[in-house]
Amino acid sequence: MVFEKDFLDKIINITSNAAIACYPHLGKKNKVLVDKTATDVMRKNLNQLDIDGKVVIGEGELDEAPMLYIGEKLGTGEGPSIDIAVDPLEGTNFAANNLPGALSVLAISAKGNLFNAPETYMDKLAVSNDVPFDATDLDFPIEKNIKNIADCKNKGLNEITACILERPRHREVIDKLKKLNVKLKLISDGDVTGALLVTNKKYNIDIFLGIGGGPEGVLAASALDAFNCKFQGRFLFKTDEDIKRAKKMGIKDLNKKYDLNEIVKGDSIFCATGITSNELVNGVKLENGNYITETLVTHKNSTISIVKKEIPLLD
C-alpha cells in the first residue's frame, strides 16, 4: 500500500499530541501518570483514524491496562489493515525527572509487514550504512565487530565509538570495549534513540549493541530501514511464559537471529516526537500560546525529515 501525505500528517499529529500531553507532567516524578497520559492520548487519536489497525508491538499484554497491548484493535475499522508498533513514552524516567531523551514513538505498516512478538528482551546490533553488511554480525565476538568496523572506516580502534545501555548485564561487554580502547557512549535509557545514533556521522556513533527491549528493537528497525542501516536482533525468552507467548504468536525458532528485512517488510512510517530534547529532536516547548514540537519522520518510499508543528494551547 502507498501512504499518502495526508495520512503521514495524521501520524505525526498523533505522536505530537502524545508528547504535548506529557508536558504538564515533566519533572513531577510520576512515571506511571506521565506514561498513562501519553498512552491515553495516543490510543484516542489512533482510534479516530479510518483504519483497521492492530497493535503488533506494544507496551504489554491484554491484562496490563492502560497500556496499548499486543493484539489491541485500533481505528474505526473502516479502512486499510494496518500493523502498529507503539511506545507512547520512550524514557519514562527521563520524562518524570525532566531529563533529556524522552520521546513519543509510533511506527505503522501494511498488515503483515511488522514483526509480531511478545514483549521481551532483545539482543541487538546496529551499524551505519557505510559499513559493508557482512563486516558485522550479532554472532561475531565483539572484538571482531569493532576491528572490522575500524578497518572499513580506516579508523584506529581508539577512534571507534560504541553506544550501549549502562546495565549490569553489559559489564562484560563494556570491559571488553574498554580493553580495545574504544570510546563509549553509555546511556541510562532510551535505546530507540541509541540505535538511531548510527544513522548520521554527526552523532559520532559507529555501533549500537547490547540487550534492551524487544519492542524498542522493532521500532528502531523501522526507522533504520529508511536509512539503509544494518540492524540485527535476537529475542531473549527467559521464562516459560515468555516461551508460551512466543509460540502462540507463531515463533518456532526461539534462538533465531533476525535481520532487518525480516523485522520490517515493505514500506513503513516511523515517527518520534521529542518530549524532552535529545540528539535527534528538540522537546516540547510552549511559546506565545502554542506548543512547538519536533518529530523525526522516516518513510522509506518518500522522505526522512524533521517536522516542526505549532499546535495551539487549548483552554
How about the range 99-110: which of its residues are modelled with pLDDT of 95 or more, surrounded by fewer than 24 Cβ atoms within 10 Å (Cβ to Cβ) and of a type in the set (A, V, I, L, M)?
-> LEU99
Specify which of the listed residues (SER81, SER16) is surrounded by fewer than 24 Cβ atoms within 10 Å (Cβ to Cβ) and touching a residue at least 12 places away in the same chain (Cβ under 8 Å).
-> SER81
Picked from the range 250-282 (must be of a type in the set (S, T, N, Q) and part of a loop (DSSP other than H, G, I, E, B)), the residue farthest from the chain's Cα centre (by Cα) is ASN255
Exactly one of (1) under 17 Å from LYS230 (Cβ atoms); (2) at pLDDT 95 or above is unmet by ALA96. Its number?
-> (1)
State which residue is farthest from LEU89 (Cα to Cα) when the search covers only the range 254-281 and only residues that are of a type in the set (Gly, Ala, Ser) and modelled with pLDDT of 95 or more.
-> SER277
Any chance ILE306 is surrounded by 12 or more Cβ atoms within 10 Å (Cβ to Cβ), of a type in the set (A, V, I, L, M) and assigned to a strand (DSSP E or B) | yes
How about the range 221-248: which of its residues are under 28 Å from LEU103 (Cα atoms) and in a loop (DSSP other than H, G, I, E, B)?
-> PHE227, ASN228, CYS229, PHE237, LYS238
Neighbours by Cβ (under 6 Å, 6+ apart or cross-chain): first from the range 219-230, touching a residue at least 24 places away in the same chain (Cβ under 8 Å); second of a type in the set (Phe, Trp, Tyr) and outside any helix (DSSP H, G or I) = ALA221/PHE231; SER222/PHE270; ALA223/PHE270; LEU224/PHE231
Inspect all residues belonging to the range 63-76 and state whether any of them is surrounded by 14 or more Cβ atoms within 10 Å (Cβ to Cβ), in contact (Cβ under 8 Å) with a residue 60 or more places away in the chain and over 18 Å from the mean Cα position of the chain (by Cα).
-> no
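Residues that are under 19 Å from MET42 (Cβ atoms) and modelled with pLDDT under 95: does the range 120-136 have at least one? Spell out how you get there, then give the answer.
Looking only at the range 120-136, we keep the residues that are under 19 Å from MET42 (Cβ atoms), and these are none.
No: zero hits.
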Could you please tell me which pairs satisfy a Cβ distance under 7 Å, a separation of 6+ or placement on different chains, a first residue in the range 96-123 that is under 17 Å from SER188 (Cβ atoms), and a second residue that is polar (S, T, N, Q) and assigned to a helix (DSSP H, G or I)?
-> GLY101/THR193; LEU103/THR193
Would you mention how many residues in the range 112-132 are buried (at least 16 other Cβ atoms within 10 Å of the Cβ) and farther than 16 Å from ILE164 by Cα?
-> 9
Somewhere in the range 282-294, is a residue buried (at least 16 other Cβ atoms within 10 Å of the Cβ), closer than 22 Å to PHE7 by Cβ, among the polar types (S, T, N, Q) and modelled with pLDDT of 90 or more?
-> yes
Go through the range 139-192 and give me each residue that's at positive phi and either crowded, with 17+ Cβ neighbours inside 10 Å or among the aromatic types (Phe, Trp, Tyr) (or both).
-> GLY190
Considering each of GLY75, GLY53, GLY79, GLY58 in turn, give the residue that is at pLDDT below 95 and out of contact with any Phe, Trp or Tyr (no Cβ under 8 Å at 6 or more places or on another chain).
-> GLY79
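Please pick out the residue among ALA221, ALA135 that is of a type in the set (A, V, I, L, M), in contact with a Gly (Cβ under 9 Å, 6 or more places away or on another chain) and either surrounded by fewer than 16 Cβ atoms within 10 Å (Cβ to Cβ) or not assigned by TED's automatic domain parsing to the domain that holds VAL297 (or both). Steps first, answer last, please.
Details: ALA135 fails: in contact with a Gly (Cβ under 9 Å, 6 or more places away or on another chain).
Exactly one of ALA221, ALA135 is of a type in the set (A, V, I, L, M), in contact with a Gly (Cβ under 9 Å, 6 or more places away or on another chain) and either surrounded by fewer than 16 Cβ atoms within 10 Å (Cβ to Cβ) or not assigned by TED's automatic domain parsing to the domain that holds VAL297 (or both), namely ALA221.
Here's the yes/no breakdown for (1) out of contact with any helix residue (DSSP H, G or I) (no Cβ under 6 Å at 6 or more places or on another chain); (2) farther than 27 Å from GLY283 by Cα:
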site	(1), (2)
VAL32	yes, no
TYR69	yes, no
ASN93	yes, no
ASN98	yes, no
LEU114	yes, yes
THR120	no, yes
PHE133	yes, yes
THR136	no, yes
ILE142	no, yes
Which ones in the range 154-186 are without any contact (Cβ under 8 Å) to a residue 40 or more places away in the chain and β-branched (Val, Ile, Thr)?
-> VAL173, ILE174, VAL182
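The values are calculated or read from the model by the stated rules, or taken from the named source; none is laboratory data. These numbers come from a predicted model, not from an experiment. Note that each Cβ is placed from the backbone with ideal geometry, even for glycine, and that neighbours are counted across all protein chains shown.
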